[in-house]
Amino acid sequence: MSYSPAPKGQADKRENSVEISIIQDNCVLKILTVISNPAIGGTETFVLSITPYLEKMGCAVDIVNTWRGSLMKEPALEAGLSYKELDGNSRYIGPGNLAQIVHTIRHKKYDAVLVFGLRVSVLLRLVKPFFKNVPLITGLREIGNLRRWHHIWLDRLTRSKCDLFISNSDAVAQVFIKREKFSRDKMVVIRNGINLQEFDKSGFHNINKQNLGLPREKVIVTTVANLRYEKGHDFYVETIRAFLKELANVHFVWIGEGPLESKLKNSTAAIGASEKITFMGRVEDVRPVLSCSDIFVLPSREEGMPRALMEAMAMSLPCVATDVGGVSEVIENGVSGFTAEFCNVEHFGRQIVRLANDGDLRRRMGAAARERIREKFDIEKIAEKYAKVFQLITEGCRHGEEIQK
């Protein structure tokens, strides 16, 4: 949904029409990253952001998206990343696609394969015997409460074929260890990272609310989340309804698209809030909107470690978010923002009202939010941890605790 090109000076844009990748032979490690998504969400923006840093550290990273026509393609090529899409235009990954990936892994002699997404991860686990000497690493980026029984069954059946799992939060790791009985020996936690140079409010001083068609006199409360069930917009509507009078000085901005858009527009109209909410749809670069915002809200039912929240904090915004997944690992409650239990309309809404009515509190929390990202989630530090994992696993280390040190 939002992506800002990472450091300049990367290779020119390239897409190999025959082979999946172009490898720099002088690089220390060759890494293949596999994704399957037509959209750009937190995982895709993370991969786009971290890849240039990994390349600076001696990793040649090639990105393969099994979904043709993905929104990830243009920003990846614009950033000069090695990016390839397989043939096909749906969720179906055929035998030919798998054969192409396996051929490329063996032919290009990758040192490790990093895969995001359960479906494509399971498929690569099934064909792992064809590249058994190449470590397979799966990224875990959400709690997975909405997984169906067959997803869980396939995951459990094939997980032994995976050499390592990298979780983006302690909360996600604990869920998979306790609920799914994952081995601690195969689990490493590396959190999301943010490029603070790219997400810096001071770089957008020439942007104002009027430029974006937003009411200048209102407190702007922004949410960046695709309009899907797990993002909790229905709970947000209930909160707005309950505090409509107390939020008279607020205008809401919702960035994102999804299957619930029509339903949510009808719901907001039904509570008399249509004029208070701007549905912006998909926005290529959310930073100008964030720079003109006063508060960021994330009402999710389920999260791993939400990148949208971290981007907002990097832009010095105080945040109100539901305490799900790894949210509490990002926000220091009462310091850099507020957390509240999902579906607790009273508590959630009260924190928004509190920030909306206190400009000094917004400024203090916003400054603390950016400092929190600087200390714990700087993208370069996160890239160093991934590079260390790649190095250790290619040297034969397979024990999560040893790698985590």
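Please treat every number below as a calculation from the coordinates, not as lab data. Being a predicted model, the structure only gives us computed values, none of them experimental. Neighbour counts run over all protein chains shown; Cβ positions are idealised from the backbone, glycine included.
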Requested in this report: Place a +1 charge on the Cβ of each Lys and Arg in the chain and a -1 charge on the Cβ of each Asp and Glu, then give the dipole magnitude about the Cα centre in debye, rounded to the nearest 20.
Outcome: 780
Query - Ranking of V189, V127 by count of other Cβ atoms within 10 Å, fewest first - result: V127, V189
Query - Length-normalised contact order for the chain - Cα pairs under 8 Å, 6+ apart - percent - result: 17
Report task. Pop out the ³J(HN,Hα) list for region 249-265 in order, Karplus 6.51 cos²θ - 1.76 cosθ + 1.60 with θ = phi - 60°, rounded to Hz; leave Gly and Pro as x. Result -> 8, 10, 10, 9, 10, 10, 9, x, 9, x, x, 9, 4, 4, 4, 5, 5
Report summary line: Between the residues A248, G232, I403, the Cα farthest towards the positive end of the dipole of the chain, that dipole coming from +1 and -1 charges on the beta-carbon of Lys, Arg, Asp and Glu, is from I403
Query raised in the report: Here are several values of P(r) over Cα pairs in 20 Å bins from 0, in percent: [x] 22, 46, 24, 7, 0; [y] 28, 61, 11, 0; [z] 27, 57, 16, 0. Which one was derived from the coordinates shown?
Result: [z]
Query raised in the report: Taking amide H positions as placed 1.01 Å from N in the peptide plane, with prolines and chain starts having none, which residues 5 or more places from I143, or on another chain, fall under 5 Å of its amide H?
Result: E303, G304
Query raised in the report: Can you sort D234, D111 by how many other beta carbons sit within 10 Å, fewest first?
Result: D234, D111
Query raised in the report: Taking K245 as the anchor, which lysines have their alpha carbon closer than 19 Å to its alpha carbon, excluding any fewer than eight residues away along the same chain?
Result: K218, K276
Query raised in the report: Is the shape of region 201-376 rounded, prolate or oblate, going by the alpha carbon gyration tensor and its root eigenvalues a ≥ b ≥ c, with a/c under 1.5 for rounded and a/b larger than b/c for prolate?
Result: rounded
Report task. Decide, for region 73-122, between rounded, prolate and oblate: order the square roots of the alpha carbon gyration tensor eigenvalues as a ≥ b ≥ c, take rounded if a/c falls under 1.5, and otherwise choose prolate if a/b is larger than b/c, else oblate. Result -> oblate
Report task. Can you spot the lysines whose alpha carbon is less than 23 Å from K381's alpha carbon? Ignore those fewer than 8 places along the same chain. Result -> K8, K30, K56, K186, K201, K405
Query raised in the report: So how do 311-324, 349-362, 165-178 stack up, highest first, on mean other-Cβ count within 10 Å?
Result: 311-324, 165-178, 349-362
Query raised in the report: Based on the alpha-carbon gyration tensor of region 316-375 and its eigenvalue square roots a ≥ b ≥ c, which shape applies: rounded if a/c is under 1.5, prolate if not and a/b is larger than b/c, or oblate?
Result: oblate
Query raised in the report: Hey, with R₀ at 45 Å, roughly what FRET efficiency would N266 and V127 work out to, going by the Cβ-Cβ distance, to 0.05?
Result: 0.50
Report task. Can you tell me the order of 32-40, 252-260 when each peptide is scored by its average per-residue count of other Cβ atoms within 10 angstrom, highest first? Result -> 32-40, 252-260
Requested in this report: Please state the charge dipole magnitude for region 104-241, taken about the Cα centre, from unit charges on C-beta atoms (+1 on K and R, -1 on D and E), reported in debye and rounded to the nearest 20.
Outcome: 600
Requested in this report: Choose one of F165, L264, V345: the residue whose Cα lies farthest towards the positive end of the charge dipole of the chain (beta-carbon charges +1 Lys, Arg; -1 Asp, Glu; about the Cα centre).
Outcome: F165
Report summary line: Here the gain from full extension of F204 to Q404, 0.36 nm per residue of separation minus their alpha-carbon distance, amounts to 68.2 nm
